[in-house]
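Bear in mind that the values in this text are calculations on the coordinates, not laboratory data. What you see is a predicted model, and the numbers here were worked out from it, not measured in a lab. Ideal geometry is used to build each Cβ from the backbone, glycine not excepted, and the neighbour counts take in all protein chains shown.
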Amino acid sequence: MTHKIIIVDDHKMFIDGLTSIFEDINSIDIVLKTDKPKTVLKFLKHTDHIDLMISDITMPEMNGIELSRCIKKDFPQVKMLMVSMHNNPSMFHQLKQNGVDGYVQKNASKAELLKAVKTILEGKSYFSDSIVKAYKESLFTVQETKQSHLSTRELQVLKLIAREYTTNEIADKLFISKHTVETYRKNLLLKLDAKNLAGLTKHAIYLGLI
């Protein structure tokens, strides 16, 4: 089975490099190489099924994330692999939110690139260990910062909330009033940027309180 692939990048040298990697792989057919994202959108409207688009993220005409958003809206069957030198933790969240199927850095090995392509064409996602690690470390740092702003009493209340204690039960256990418990609950929602009790429970689990 031959897979049709599009490559979009504003650096010709990188496009040439990818082309050389795929030229000996009979199952890969590069049907379009361009430095203009809008050309990709026009091409998709007038062509048969495309399996995968490999795209840079930072491009002058339209960035890769915007391009992926447009493609997923109008051509949801197209898989997308982003390549970039960036390793920003927030990027991982943006890529996942916009339906991107994978990400590798431009300095990745040929073996990793081919592994990413193979994995994505098999219907799975592939994100390089470096960006996943950076994302997880950033989450841990955020959680540590949030925990450092909680008092001992707030941590006690959070732990009991996560264990599904009622307001009355928390008040009795900590020898404080129901009103004080509610005040702690409101403060916890604000400090942890949680929307509800389920959100508080998730934070408690992450902080190792339960």
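Partner aspartates and glutamates whose Cα lies under 17 Å from the Cα of Lys45, excluding those fewer than 8 positions away in the same chain, are identified as Asp74. Candidate cross-link partners of Lys12 among the aspartates and glutamates, defined by an alpha-carbon separation under 17 Å and a same-chain spacing of 8 or more, comprise Glu23, Asp35, Asp56, Glu61.
Here the alpha carbons of the stretch 3-128 define both size measures, Rg and Dmax, at 13.0, 36 Å. Computed 3J(HN,Hα) for the stretch 150-163, one whole-Hz value per residue from the Karplus formula 6.51 cos²θ - 1.76 cosθ + 1.60 where θ = phi - 60°, is 9, 7, 4, 5, 4, 5, 5, 5, 4, 4, 6, 4, 5, 8, glycine and proline marked x. Backbone amide hydrogens, once placed in the peptide plane, bring Ile30 within less than 5 Å of Ile5, excluding anything fewer than 5 places away on its chain.
Rounded to the nearest 0.05, what FRET efficiency do Leu114 and Lys36 give with R0 = 30 Å and r taken as the Cβ-Cβ distance? Could you check? Working shown, then result.
Values: r = 26 Å, r/R0 = 0.86.
Computed FRET efficiency for Leu114 and Lys36 comes out at 0.70.
Taking the longest Cα principal axis of the chain as reference, the axis of helix 110-121 is set at about 80 degrees. Projected label points at Ile21 and Leu155, each 7 Å from Cα along the beta carbon direction, are separated by 4.6 nanometres. Of all the options Lys115, Lys45, Lys33, the one that moves most in a Gaussian network model of the chain with Cα springs shorter than 10 angstrom is Lys45. Extending 7 Å from the Cα toward the beta-carbon at both Val132 and Lys178 defines two label points whose distance is 4.8 nm.
Starting from the Cα-Cα distance between Asp48 and Asp10, subtract it from 0.36 nm times their residue separation and give me the gain in nm to one decimal.
Additional length available on full extension: 11.2 nm.
For the stretch 173-189, backbone phi angles converted through the Karplus equation (6.51, -1.76, 1.60; θ = phi - 60°) give residue-by-residue couplings of 5, 9, 6, 10, 7, 4, 4, 5, 4, 5, 5, 4, 4, 5, 5, 5, 4 Hz, Gly and Pro being listed as x. For the chain, a Gaussian network of Cα nodes joined below 10 Å ranks Asp172, Asp56, Asp35 by mean-square fluctuation, and the top entry is Asp172. A Gaussian network model of the chain, with springs between Cα atoms under 10 Å, assigns the largest mean-square fluctuation among Ile161, Ile15, Ile57 to Ile161. Distances between placed amide hydrogens fall under 5 Å for Lys79 paired with Leu52, Met53, all partners being 5 or more residues away or on another chain. Evaluated on the chain, the Kirkwood hydrodynamic radius is 20.0 Å, with distances taken between all distinct Cα atoms. Axis of helix 129-148 versus longest Cα principal axis of the chain: the two differ by about 20°, to the nearest ten degrees.
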